[in-house]
Structure formats: structure tokens, C-alpha cells
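Asks: A single structure is presented below for examination.
The values are calculated or read from the model by the stated rules, or taken from the named source; none is laboratory data. Note that the structure is a prediction, hence the values are computed from the model and not measured. All Cβ positions, even for glycine, are placed from backbone atoms using ideal geometry, and neighbour counts span all protein chains on display.
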Amino acid sequence: MIRLSFRPSLLLLATLGACTAPADQTVQNPATSPAAASAPPRTALQTASYAGEYNWGDPKRKEAGGTLYVYPESDSTVLVALDVCYGPPAFHLGNLYRRAVVRRGVGHCAIRSEEDMLDCRLRLAFSPQAVVVETEPGHGECGFGQGVSADETYRRTSAAVPAYFTDATGKTFFKKTTPEQYNAEGK
């Protein structure tokens, strides 16, 4: 028969040794729950596949054309900045910066202002190489110039996440300016 004898001091040292991490291990924040600590690191947002720059027509604006920037904001929303020009002879313009809710590859954004008599709803159908923008019937008052519409197929020219878009006042950075802030400033 084997006889084991424990000394209280050895038991205490063994217990302390088991509770301290070796120097080469990362110490977790005690406020982190075990479930969160074991969760895999977060990858890209679900809307990241829609990110990029999309164009139709002449992006230099010597003729009719439009540019749409899509910035992934969350797993279900993107920020969209749109700039369209109907070219000569009048060069009527339209632009907007809004949040679109995206479900199953289709985004929806709205502009509503009773004060400005705006009632605009846009549908954005995303595919790997393009986005088709359509104004929903009965909701076409978007505040654009005469005869200007967002309706078009915008071809993807870049899949990089845009940092900003440019308008008449300069650069607006997606991370720093929400659509609500931008539109409240009257840009």
C-alpha cells in the first residue's frame, strides 16, 4: 500500500501555481465572460461584400453619369453616397447620403421631409459586379434637379471600402459623419 502524505505548505504552493499563468500566456480581462473569450474573432461585416465604388455613364461628368459609394456600416446596413448628373446642356444634378437597410442582397433607403415636400424611396439590388438602383413607384420626389433620377445600373469599379465621398463642399468621411449629421447641416 502506498501512503501519501500532504504537507499544507506544498498543497498551498501547488494550488497557487495552478492559479497563476506562466509569463508567456496572455492574461484575460476578468470582466470577459468565458463564452466571449472562447468565441472566434470577428471577421468582416456581412455587408462588406457590397462595399465599393459603382458607376454608370461618364464619371468625369462631361456627359451624363453617376457614382455610388457603398460603405458597410453594420451587418444589416450600408451607407450610400450617390451623385448623378444628366449631362449637357443643363447638367442637372442629384446627390444624397443615406443609410440603407440590406436584407438578402436588396437594400432600401428613404428620404422623407414634409417641409421640403420630399418622399423618396430607393431600392438597391446588389450583385457581385453591379447594383441596380430603382425608385419605388409613387415615391420619386428625391430633391434632385429637374428630370434627374437615381434609376440606373451602376457597375462596380472598385471593391475597396471607400473612406470618403466628395461633394461641392469637399470630402466627407464615412466614419466621422453620419447621414443624419450630414443632412442636418444642409449639404
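Asks: I need the full set of residues from the range 43-71 which are buried (at least 18 other Cβ atoms within 10 Å of the Cβ) and of a type in the set (Val, Ile, Thr), in order please.
Replies: Correct list: Thr47, Thr67, Val70.
Asks: Looking only at the range 72-96, how many residues end up being crowded, with 23+ Cβ neighbours inside 10 Å and either under 16 Å from the mean Cα position of the chain (by Cα) or over 18 Å from Cys142 (Cα atoms) (or both)?
Replies: 5
Asks: Is at least one residue of the range 133-154 small (Gly, Ala, Ser), under 14 Å from the mean Cα position of the chain (by Cα), surrounded by 13 or more Cβ atoms within 10 Å (Cβ to Cβ) and part of a strand (DSSP E or B)?
Replies: Taking the range 133-154 and keeping what is small (Gly, Ala, Ser), we get 138, 140, 143, 145, 147, 149-150.
Now drop any that are not under 14 Å from the mean Cα position of the chain (by Cα), which leaves none.
The answer is no, given that none of the residues of the range 133-154 is small (Gly, Ala, Ser), under 14 Å from the mean Cα position of the chain (by Cα), surrounded by 13 or more Cβ atoms within 10 Å (Cβ to Cβ) and part of a strand (DSSP E or B).
Asks: Oh, and also: Every residue in the range 150-187 that is among the basic types (Lys, Arg) and more than 23 Å from Thr135 (Cβ to Cβ), please. If you could, list the steps in order and put the result at the bottom.
Replies: First, the residues of the range 150-187 that are among the basic types (Lys, Arg): 155-156, 171, 175-176, 187.
Those that are among the basic types (Lys, Arg) and more than 23 Å from Thr135 (Cβ to Cβ): Lys171, Lys175, Lys176.
Asks: Let me ask something additional. For a quick check of your reading of the model, give me the residue pairs whose first member lies in the range 50-76 and is in a strand (DSSP E or B) and polar (S, T, N, Q), whose second is at pLDDT below 90 and crowded, with 19+ Cβ neighbours inside 10 Å, with beta-carbon atoms closer than 7 Å and at least 6 apart or on different chains.
Replies: Pairs found: none.
Asks: Right, another one. Just wondering, is there one or more residues in the range 88-106 that are out of contact with any strand residue (DSSP E or B) (no Cβ under 7 Å at 6 or more places or on another chain) and part of a strand (DSSP E or B)? Quick ask: steps written out before the conclusion?
Replies: Restricting attention to the range 88-106, the residues satisfying the condition of being out of contact with any strand residue (DSSP E or B) (no Cβ under 7 Å at 6 or more places or on another chain) are 88-90, 92, 103-104.
In the following step, the residues that additionally are part of a strand (DSSP E or B) were identified as 103.
Scanning the range 88-106, I find at least one residue that is out of contact with any strand residue (DSSP E or B) (no Cβ under 7 Å at 6 or more places or on another chain) and part of a strand (DSSP E or B), so the answer is yes.
Asks: Something else: Looking at Arg123, Arg112 in this structure, which one is over 14 Å from Ala81 (Cβ atoms), touching a Gly at 6+ places or on another chain (Cβ under 8 Å) and assigned to a strand (DSSP E or B)?
Replies: On the way: Arg112 fails: touching a Gly at 6+ places or on another chain (Cβ under 8 Å).
The match here is Arg123.
Asks: Cβ-Cβ distance below 6 Å, separation of 6 or more or different chains: which pairs start in the range 149-161 with a residue that is under 22 Å from Leu45 (Cα atoms) and end on one that is not in a strand (DSSP E or B)?
Replies: Arg156/Gln129; Val161/Ala51
Asks: Please work out which one of (1) farther than 26 Å from Glu185 by Cα; (2) surrounded by fewer than 17 Cβ atoms within 10 Å (Cβ to Cβ) is the condition Phe126 fails and give its number.
Replies: Evaluating Phe126 over (1) farther than 26 Å from Glu185 by Cα; (2) surrounded by fewer than 17 Cβ atoms within 10 Å (Cβ to Cβ) leaves (2) as the failure.
Asks: Still on this model: Please tell me if Arg112 is over 20 Å from Gln129 (Cα atoms) and touching a residue at least 60 places away in the same chain (Cβ under 8 Å). Walk me through it before giving the result.
Replies: Details: over 20 Å from Gln129 (Cα atoms): yes; touching a residue at least 60 places away in the same chain (Cβ under 8 Å): no.
Judged against the criteria, Arg112 is not a match.
Asks: Checking the condition assigned to a loop (DSSP other than H, G, I, E, B), farther than 17 Å from Thr47 by Cβ, touching a strand residue (DSSP E or B) at 6+ places or on another chain (Cβ under 9 Å) and charged (D, E, K, R), which residue from Lys171, Lys176 passes?
Replies: Every option except Lys176 fails the conditions.
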